[in-house]
Amino acid sequence: MGLFDGTKRRHLNDLEREVLANPTPQNMVSLIERYMAAADEAKALEMARKAVEKFPNSEKVQTTYQNVRRLQLQAEITEISKALRRSPGKSLYERLASIYHSELGNRTKAFETALEGLAKYPQSDGLHLISGLIRMDRFHTDFLANDFTEAIHHFEKAASINSNNYKALVNLARLFSEAGSFYKSKPILEQVLRANPGDTNAETLYRFISENLAKATPSLDDAVAEIETRRELTPEGEHIRRIFDPSSGASAAQVDRSKIEAFLVGFEGMNGYKCSAVLMRDGTQYASHTRGMVPKERFTKFLQDIYQCSEDASRKMDIGTFVSGELDTSVGRVAMAEWKGYIVGILADAPAKKEDLNAAVEKFVSLLSVG
Amino acid sequence: MKEVLINLNKEVGVKGSMIVTRDGVVVASEILPPLNGDMVAAIASNSIQRVNSSLRELGSNNFTRYLFNSTYGKMIFTETGDAYLVVVLDKHINIDFTMLAVASAGRKIKNLGSMA
């Protein structure tokens with residue numbers, strides 16, 4: 001082994017130890033990329049799966065996982081894409097959408113493929129099922145009423161095309177139940193259990209809603225609107241969600257206001273820092289700090305406006321909810337991010353660079369993750 | 001200007017682009033399906049005016065670049081003289097590479113605008 005190989009091996013070992021001791025999205029992604037560069041696909045995939053489990057909301061981790069899986073599935077994706085260009089078929093669209101959704105976790109591509117397929121083959125229960133699953137995932141992320149409605153539409157369509165589409169029926173019942181519409185979900189679950197008597201999730205759900213019929217919501221529309229306003233399911237809805245997804249849980253953090261304010265003071269260490277503010281998801285002010293040039297109240301109002309504008313645009317474009325943003329202005333650069341129910345905004349001028357602001361936002365994210 | 005937008009739309013992850021003045025008037029638009037061009041235009045126009053109005057209250061001039069990431073996509077607004085280049089993007093793209101293409105398109109549009 002040459003000196004260069006020995007050095008590479010040492011760096012890899014160091015990185016492996018670092019990930020073991022203190023895993024972060026950055027070092028896990030670096031390690032995955034090292035494995036891929038060393039053509040060790042098996043280790044790359046194993047590490048990528050661990051990274052996704054540990055940091056499901058990290059965009060970098062998701063992208064890296066998809067890159068690893070895409071390498072493995074590339075041949076099949078290429079074949080299917082060629083076949084679709086030559087002679088499109090319903091099953092090809094279904095397979096491609098399924099690869100993107102189930103195997104690559106690329107919901108955007110899966111959704112595009114499913115919608116493209118549905119435009120040509122509207123009677124595909126498979127494509128309606130995938131579209132419904134994606135919309136349901138989106139609903140569980142952002143709790144938007146539109147995603148709920150669309151998910152229901154797709155599951156109902158899948159079930160009407162194919163009454164044996166068990167997944168469509170189960171997820172239809174699940175969604176109705178999560179919104180408290182137990183009288184709608186009960187007959188669907190009875191149908192599912194007649195055809196699949198050993199289904200433990202369906203049985204558990206059926207038992208739960210039967211015992212809680214008194215808590216059924218009188219109006220599904222009102223219930224979904226309430227979920228959207230509160231950005232969370234009811235306690236019963238959360239309980240039902242955990243029947244199917246035990247790893248899900250409330251993602252909002254609870255951090256003491258004084259702790260956040262003390263944290264914001266720390267930004268003064270950044271050259272060029274001017275002011276910062278933290279909002280709750282409903283736009284209310286939570287904490288703020290200024291070095292003096294910009295009044296805190298003015299910057300807080302500004303952050304509220306920009307956040308609301310971005311949020312409104314996201315919803316109208318049907319691309320979910322606000323995650324992060326950047327703004328270049330004559331008074332400096334603004335970096336914004338939403339994490340666990342809080343929105344942080346930081347204003348800094350030269351000599352602060354984009355990387356400085358990004359690092360500041362990352363520190364805030366770490367604070368909320370640790371608590 | 002349309003040609004600049006058409007070429008920009010060929011970049012990986014770009015779902016559509018348009019040019020909107022500071023007053024919110026659409027000068028050129030190449031929005032790809034399934035997006036609705038009129039809806040994107042209304043959102044872009046409204047966003048530009050709201051953000052700049054907020055900036056004025058903060059004591060700033062109009063913004064030169066505004067980017068926001070949402071759960072399932074991104075939007076970029078880049079100043080090109082008297083107007084903004086607005087680009088709608090996929091969530092999973094290499095933003096650094098795409099920003100180069102957007103910046104390049106922005107420069108071309110700015111030059112076209114100054115020649116007119």
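The values are calculated or read from the model by the stated rules, or taken from the named source; none is laboratory data. Since the model is a prediction, treat every value here as computed from it, not as a measurement. When we count neighbours, we look across all protein chains shown, and the Cβ atoms used for this are built from the backbone with ideal geometry, even at glycine. All accessible areas refer to the heavy atoms of the entire protein, side chains included, with ligands and DNA or RNA removed. Shrake-Rupley method; radii C 1.70, N 1.55, O 1.52, S 1.80 Å.
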Worksheet, complete the sentence: Only one of (1) at pLDDT 95 or above; (2) touching a Pro at 6+ places or on another chain (Cβ under 9 Å) does not apply to A:S276, and that is (2)
Worksheet item: Would it be correct to say that A:Y93 is over 30 Å from A:W339 (Cβ atoms), buried (at least 20 other Cβ atoms within 10 Å of the Cβ) and not acidic (D, E)?
Response: yes
Worksheet item: Are there any strands (runs of 3 or more DSSP E) wholly within region B:34-97 with 3 or more residues that are in contact (Cβ under 8 Å) with a residue 24 or more places away in the chain, and if so which?
Response: B:73-80, B:83-89
Worksheet, complete the sentence: With criteria (1) under 18 Å from A:H239 (Cβ atoms); (2) of a type in the set (D, E, K, R); (3) more than 26 Å from the chain's Cα centre (by Cα), A:E190 comes up short on (1)
Worksheet item: Is there a residue in region A:288-305 that is more than 14 Å from every other protein chain (Cβ to nearest Cβ) and on the phi < 0 side of the Ramachandran plot?
Response: yes
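With respect to A:D245, determine if the residue is within 11 Å of chain B (Cβ to nearest Cβ) and either open to solvent by 10 Å² or more (accessible area, probe 1.4 Å) or of a type in the set (D, E, K, R) (or both).
no
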Discussion item. Could you check region A:128-137 and list, in sequence order, the residues that are open to solvent by 10 Å² or more (accessible area, probe 1.4 Å) and either more than 14 Å from A:F111 (Cα to Cα) or within 12 Å of chain B (Cβ to nearest Cβ) (or both)?
Written reply: A:R135, A:D137
Item to complete: Could you please give the count of residues in region B:13-45 that are within 12 Å of chain A (Cβ to nearest Cβ) and open to solvent by 70 Å² or more (accessible area, probe 1.4 Å)?
Response: 4
Worksheet item: Restricting attention to region A:269-276, does a residue exist that is out of contact with any strand residue (DSSP E or B) (no Cβ under 7 Å at 6 or more places or on another chain) and touching a residue at least 60 places away in the same chain (Cβ under 8 Å)?
Response: yes
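Which residues, taken from region A:109-150, are touching a residue at least 60 places away in the same chain (Cβ under 8 Å) and within 15 Å of A:T321 (Cα to Cα)?
Within region A:109-150, A:R138, A:H140, A:T141, A:D142, A:F143, A:L144, A:A145, A:N146, A:F148 meet the criteria.
Condition check ((1) farther than 18 Å from B:V102 by Cβ; (2) within 8 Å of another protein chain (Cβ to nearest Cβ); (3) open to solvent by 10 Å² or more (accessible area, probe 1.4 Å)) across all residues:
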{"position": "B:I48", "(1), (2), (3)": "no, no, no"}
{"position": "B:V51", "(1), (2), (3)": "no, yes, no"}
{"position": "B:L55", "(1), (2), (3)": "yes, yes, no"}
{"position": "B:G59", "(1), (2), (3)": "yes, yes, yes"}
{"position": "B:T64", "(1), (2), (3)": "no, yes, yes"}
{"position": "B:N69", "(1), (2), (3)": "no, yes, yes"}
{"position": "B:I76", "(1), (2), (3)": "no, no, no"}
{"position": "B:E79", "(1), (2), (3)": "no, no, yes"}
{"position": "B:V87", "(1), (2), (3)": "no, no, no"}
Worksheet item: Do we have any residue at all in region A:289-297 that's out of contact with any Cys (no Cβ under 6 Å at 6 or more places or on another chain) and among the polar types (S, T, N, Q)?
Response: no
Worksheet item: Within region A:290-302, how many residues turn out to be open to solvent by 20 Å² or more (accessible area, probe 1.4 Å) and either under 30 Å from the mean Cα position of the chain (by Cα) or among the aromatic types (F, W, Y) (or both)?
Response: 1
Discussion item. Please go through (1) open to solvent by 30 Å² or more (accessible area, probe 1.4 Å); (2) within 17 Å of A:L357 (Cα to Cα) for A:R257 and return the number of the only condition it doesn't satisfy.
Written reply: (2)
Fill in: Residue list for region A:264-281, filter: open to solvent by 10 Å² or more (accessible area, probe 1.4 Å) and in contact with a His (Cβ under 6 Å, 6 or more places away or on another chain)
A:V265
Worksheet, complete the sentence: Note: among A:E326, A:E311, just one is facing chain B (nearest Cβ under 7 Å), among the acidic types (D, E) and surrounded by 17 or more Cβ atoms within 10 Å (Cβ to Cβ), namely A:E326
Item to complete: Could you check, for region A:303-310, whether at least one of its residues is more than 14 Å from A:K274 (Cβ to Cβ) and among the aromatic types (F, W, Y)?
Response: yes
Worksheet item: Regarding A:Y65, is this residue in contact with a helix residue (DSSP H, G or I) (Cβ under 8 Å, 6 or more places away or on another chain) and closer than 30 Å to A:Q123 by Cβ?
Response: no
Discussion item. Every residue in region A:34-60 that is open to solvent by 40 Å² or more (accessible area, probe 1.4 Å) and either in contact with a Gly (Cβ under 6 Å, 6 or more places away or on another chain) or within 30 Å of A:H140 (Cβ to Cβ) (or both), please.
Written reply: A:E46, A:R49, A:K50, A:E53, A:K54, A:F55, A:P56, A:N57, A:E59, A:K60
Worksheet item: Which one is farthest from B:S60 (Cα to Cα), of the residues in region A:338-355 that are at pLDDT 90 or above and open to solvent by 10 Å² or more (accessible area, probe 1.4 Å)?
Response: A:E338
Worksheet item: Within region B:89-111, how many residues are at pLDDT 85 or above and open to solvent by less than 30 Å² (accessible area, probe 1.4 Å)?
Response: 7
Worksheet entry | Members of region A:68-79 that are open to solvent by 20 Å² or more (accessible area, probe 1.4 Å) and either at pLDDT 90 or above or in contact with a helix residue (DSSP H, G or I) (Cβ under 8 Å, 6 or more places away or on another chain) (or both) | A:R69, A:R70, A:L71, A:Q72, A:E76, A:T78, A:E79
